[in-house]
Amino acid sequence: NWVKLVKFGLVGASGYVVNLIVFALCVELIGLHYIPAAVIAFCVAVTNNFWWNRHWTFDARHGHAGFQAVRFFTVSIAALGVNLIALELLIQAGMPDLPGQAIAIAIAMPFNFIGNKLWTFDKFD
């Protein structure tokens, strides 16, 4: 479980970077509001994370990818809800967009790991 947690953290770190880059591009270059920017960044990062978690973290390649994807995205959407609530509270408290998103992602990560460990890829541990 510790090895899986470390792998999940590394995948999450890559998704974190992807998320922040896409978020920054959406807000700074395109001029989107921070909420739609966070949703777009989430979609790109969650796709990256699903592939790496399925193939590397949980080694669940032998399971049905479609079922795993539905569960992964369900857990990820719940974590996105946590992220968006945290982001909104941080922005309302005066935090700039990008640092607020960085902290909001970190707040949502434990929910994401537990959901994916216990539900998405549980038969492959």
- prompt: How much length is gained if the chain between M95 and N48 is pulled fully straight, taking 0.36 nm per residue apart and subtracting their Cα-Cα distance, in nm to one decimal?
  reply: 14.2 nm
task: In Å and from the alpha-carbon atoms only, list the Rg and Dmax of the chain.
output: 14.5, 46
message: Show me, for the stretch 33-47, the HN-Hα J-couplings you get by feeding each phi into the Karplus relation (A = 6.51, B = -1.76, C = 1.60, θ = phi - 60°), rounded to Hz, glycine and proline as x.
response: 4, 5, 5, x, 4, 5, 5, 5, 4, 4, 4, 5, 5, 5, 5
- request: Measure nothing fancy, just the Cα-based angle from helix 97-115's long axis to the longest principal axis of the chain, in degrees from 0 to 90, nearest 10.
  value: 20 degrees
- prompt: Of I40, I35, which has the most accessible area and how do the rest follow, probe 1.4 Å?
  reply: I40, I35
- prompt: Got a number for the accessible area of I85? Probe 1.4 Å, square angstrom, nearest 10.
  reply: 110 Å²
message: Accessible area of the chain with a 1.4 Å probe: how many percent of it is carbon plus sulfur?
response: 75 percent
Listed residues Y34, Y16 arranged by accessible area, highest first, probe 1.4 Å: Y16, Y34
- prompt: Once the Cβ-Cβ distance between A65 and E28 is put in as r, and R0 is 30 Å, what FRET efficiency do you end up with, to the nearest 0.05?
  reply: 0.30
query: Check L32: other-chain or 5+ apart residues with amide H under 5 Å from its amide H, H built from backbone geometry?
result: V27
- request: Return the sequence-ordered ³J(HN,Hα) values of the stretch 59-72 in whole Hz as given by the Karplus equation 6.51 cos²θ - 1.76 cosθ + 1.60 applied to θ = phi - 60°, using x for Gly and Pro.
  value: 6, 9, 5, 8, x, 6, 4, x, 5, 5, 4, 4, 5, 4
field: Surface accessible to a 1.4 Å probe, per residue, for the residues of the stretch 1-68, Å²
entry: 56 Å²
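The values are calculated or read from the model by the stated rules, or taken from the named source; none is laboratory data. Predicted model only: the values in this text are computed from it and were never measured. Every residue, glycine among them, receives a Cβ derived from its backbone with ideal geometry; neighbour counts consider all protein chains shown. Accessible surface is based on the protein model in full, side chains and every heavy atom, while ligands, DNA and RNA are left aside. Shrake-Rupley method; radii C 1.70, N 1.55, O 1.52, S 1.80 Å.
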